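Notes follow once the structure below has been shown.
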Amino acid sequence: MSEKKASLVIEGREQPIQLPIYSGTLGPDVVDVGAMTSEGLFTYDPGFVSTASCESQITYIDGGKGVLLHRGYPIDQLAEHSDYLETCYLLLYGELPTKAEKEEFVGTVHRHTMVNEQIRTFFNGFRRDAHPMAIMCGVVGALSAFYHDSLEISDEQHRQVAAFRLIAKMPTLAAMSYKYSIGMPFMYPDNSLDYAENFLHMMFGNPCEPSNISPVLARAMDRIFLLHADHEQNASTSTVRLAGSSGANPFACIAAGIAALWGPSHGGANEAVLEMLQEIGDVSRIDEFVARAKDKDDPFRLMGFGHRVYKNFDPRAKVMKEAADEVLAELGIDNDPLLGIAKRLEEIALSDEYFIEKKLYPNVDFYSGIILKAIGIPTSMFTVIFAVGRTVGWIAHWNEMISGSYRIGRPRQLYTGYTQRDFVPVEKR
Ligand code: CMC
């Protein structure tokens, strides 16, 4: 931490407030505003646009340059040379595993893929037409009712077991939520398959026939998980940290993260992209929708475009676009009408002055939606898949917080409501 200081001069006060400035290894310096509270002042930063909520060593993003590093490694290198579980190890432990460490880690994840048999009956409480994200919010939170031996958050061993359980069981629960919605039997995991293959097996397999999983689709699925693995202090990760700061158990915290991810401005965007493409319906209507996106009086936004942090390009989108091209070529379905609309929309938005000026580029969800559709994943499962991939990031951040020093998160507010007034009895209102 540096010795630099900022002086905050406040009109009408004699002495400026001295605020320490800290430098990280990368990124902007931060001003520690803690001393302001004792001076009767809070900072005001709606949407936490310029607030660093914690110190972290996991992921670094430079939105202006389009850089995303996990533990220092660029995302495109990980996407090309690594796989999802190896990236999980990196995020959790800070280093790439040796061959033996990787084997042990993968083996342990595989041994945790089954869920308590009673969870199967838990599903019966949901309507068949429930959204899979609604089911995930419920069943992931309910894991804390099944795995009492990994709830002691101050015990490192408990935290480790909870991490393995969550990473391993998320694909199982995700596939179960889909099978339940279509009235098909749940598939048990097959631990001879790798992580992505196993997920596709549980999604598309049935107990009467052997699964036949395409290695190209499994590789694409693995890359989707990898590219969603972590993204520093986004809305859902910050939610997990905030829930965790009260001492809540890891399963409850991850359920909170899933809820935050569901919204269309965050993880729900991949589903919203496909819904938007369906609503557009034909290439001839694209101009009309682009005009709506530019109209200040119309709340419509082009889903899959823009990002809070990336104001150049989303490096995940670059890799995802390559993967999308690969999958479409492999499957020979580049004549799909919705994909045609997506491609045209991308071209128009990339050359339109409004989008260029506001630096609105296609984001990761634009291309992941296209790949998932090509793989045959139903739209309602898109955000669930994001949640499966992001689980490791949530756990890594939660664990980083719990194993260091932390306080309960408690933001303040700029109060603009009534000043004190006296209660009025009902007959006088
Ligand atoms: N279509 C049309 N205009 C847009 C869009 C869009 N998708 N996104 C932003 N704008 C405009 C916005 O109206 C505003 O215009 P003005 O300056 O004239 O008021 C300007 O661009 C800046 O937007 P903002 O809302 O201040 O930006 P933000 O950082 O608060 O929002 C966002 C970021 C991702 C919520 C937003 O770009 C958006 O709603 N995009 C569509 C949803 C989406 O694709 N979300 C997935 C994000 S990537 C996955 C993830 O990490 O979760």
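The values are calculated or read from the model by the stated rules, or taken from the named source; none is laboratory data. Computed from a prediction, not measured in an experiment: that's the story for all the values here. Please note: Cβ atoms are built from the backbone with ideal geometry, for glycine as well, and neighbour counts cover all protein chains shown. Accessible surface areas use protein heavy atoms only, side chains included; no ligands, DNA or RNA. Shrake-Rupley method; radii C 1.70, N 1.55, O 1.52, S 1.80 Å.
In whole Hz, what ³J(HN,Hα) sequence does the stretch 47-57 give by Karplus (6.51, -1.76, 1.60; θ = phi - 60°), x for Gly and Pro?
Running phi through 6.51 cos²θ - 1.76 cosθ + 1.60 with θ = phi - 60° gives x, 6, 5, 10, 10, 8, 8, 7, 9, 8, 10 Hz.
If you line up the long axis of helix 250-261 against the longest principal axis of the chain, both from Cα atoms, how many degrees apart are they, to the nearest 10?
Roughly 90 degrees between the two axes.
With every protein chain in place, what's the accessible area of residue 22 (1.4 Å probe, Å², nearest 10)?
70 Å²
I'd like the Karplus ³J(HN,Hα) series for the stretch 390-406: coefficients 6.51, -1.76, 1.60, θ = phi - 60°, whole numbers in Hz, and an x wherever there's a Gly or Pro.
Karplus values, whole Hz, x for Gly and Pro: 6, 3, 5, x, 4, 5, 4, 5, 4, 5, 4, 5, 5, 7, x, 9, 8.
Give the long-range amide H neighbours of residue 67: residues separated by 5 or more places, or on another chain, with amide H under 5 Å away, using H modelled in the peptide plane at 1.01 Å from N.
Those qualifying (amide H under 5 Å, at least 5 residues apart or on another chain) are 62.
Using a/c under 1.5 as the rounded threshold, could you call the stretch 160-209 rounded, prolate or oblate? The axes a ≥ b ≥ c are square roots of the C-alpha gyration tensor eigenvalues, and prolate needs a/b larger than b/c, oblate otherwise.
Working: a/c = 2.70, a/b = 1.55, b/c = 1.74.
Taking the square roots of the gyration eigenvalues as a ≥ b ≥ c, the stretch 160-209 is oblate.
For residue 401, tell me the accessible area in Å² from a 1.4 Å probe, rounded to the nearest 10.
Its heavy atoms expose roughly 20 Å² to the probe.
Starting from the amide H of residue 263, placed 1.01 Å from N in the peptide plane, find each other amide H under 5 Å away whose residue is 5 or more places distant or on another chain.
When sequence neighbours closer than 5 places are left aside, the close amide H contacts are 268.
At 0.36 nm per residue, minus the direct Cα-Cα distance, what do residue 418 and residue 352 gain on full extension? Give it in nm, one decimal, please.
Details: separation 66, 0.36 × 66 = 23.76 nm, distance 4.57 nm.
Computed gain between residue 418 and residue 352 is 19.2 nm.
Choose one answer from 157, 233, 118: the residue with the largest mean-square fluctuation in a GNM of the chain with alpha-carbon springs under 10 Å.
For the chain, modelled as a Gaussian network with Cα springs under 10 Å, the answer is 118.
Tally up the carbon and sulfur contribution to the accessible surface of the stretch 285-351 as a whole percent, 1.4 Å probe, everything protein left in place. Provide the component values of the computation, followed by the final result.
Details: 1780 of 3650 Å².
The computed percentage sits at 49.
If 359, 296 are ordered by their accessible area, calculated over protein heavy atoms with a 1.4 Å probe, which sequence runs from highest to lowest? It would help to have the intermediate numbers written out before the result.
Working: 359 95, 296 185 Å².
Accessible-area ranking of 359, 296, largest first: 296, 359.
Any idea how far apart residue 81 and residue 209 come out in nm if each label point goes 7 Å out from Cα toward Cβ?
That separation, rounded to one decimal, is 4.0 nm.
GNM on the chain, C-alpha springs below 10 Å: top fluctuator among 268, 183, 244?
Highest fluctuation among the options: 183.
With the other protein chains left in place, how much accessible area per residue, in square angstrom, belongs to the chain at a 1.4 angstrom probe? Walk me through the numbers before you get to the answer.
Numbers: 21850 Å² over 429 residues.
It amounts to 51 Å² per residue over the chain.
Taking H as built 1.01 Å from N, whose amide H comes closer than 5 Å to the amide H of residue 363, not counting residues under 5 places away?
305, 306
With the contact rule set at Cα under 8 Å and sequence spacing of 6 or more, what percent relative contact order holds for the chain?
Working: 592 pairs, mean separation 83.4, N = 429.
Relative CO of the chain lands at 19 percent.
Compute the Cα gyration tensor for the stretch 306-384, then decide on rounded, prolate or oblate, letting a ≥ b ≥ c be the square roots of its eigenvalues: rounded whenever a/c is under 1.5, prolate when a/b is larger than b/c in the other cases, and oblate in all that remain. Write out the running numbers ahead of the final one.
Numbers: a/c = 2.04, a/b = 1.55, b/c = 1.31.
Prolate.
Report the Cα centroid-to-centroid distance between the stretch 214-275 and the stretch 28-73 in angstrom, as an integer.
Cα centres, the stretch 214-275 to the stretch 28-73: 20 Å.
If contacts are Cα pairs under 8 angstrom and at least 6 residues apart, what is the relative contact order of the stretch 328-425 in percent? Each step should come with its number before you reach the end.
Working: 21 pairs, mean separation 17.1, N = 98.
Answer for the stretch 328-425 is 17 percent.
Per residue of the chain, what 222 nm ellipticity follows from adding -39500 (n - 2.57) for every DSSP H run with n ≥ 4, rounded to the nearest 500?
-15500 deg cm²/dmol
In whole Hz, what ³J(HN,Hα) sequence does the stretch 102-119 give by Karplus (6.51, -1.76, 1.60; θ = phi - 60°), x for Gly and Pro?
For the stretch 102-119, the Karplus-derived couplings read 5, 4, 5, 4, 4, x, 5, 4, 4, 6, 10, 6, 6, 10, 3, 4, 5, 5 Hz, x marking Gly and Pro.
In the Gaussian network model of the chain, springs joining C-alpha atoms below 10 Å, which of 274, 350, 41 carries the largest mean-square fluctuation?
41
Here are some pairs, 4/318; 65/294; 294/373; 5/318; 65/169; which of them have Cα atoms lying more than 30 Å apart in this structure?
On the way: 4/318 38 Å; 65/294 25 Å; 294/373 27 Å; 5/318 39 Å; 65/169 36 Å.
With Cα atoms farther than 30 Å apart: 4/318; 5/318; 65/169.
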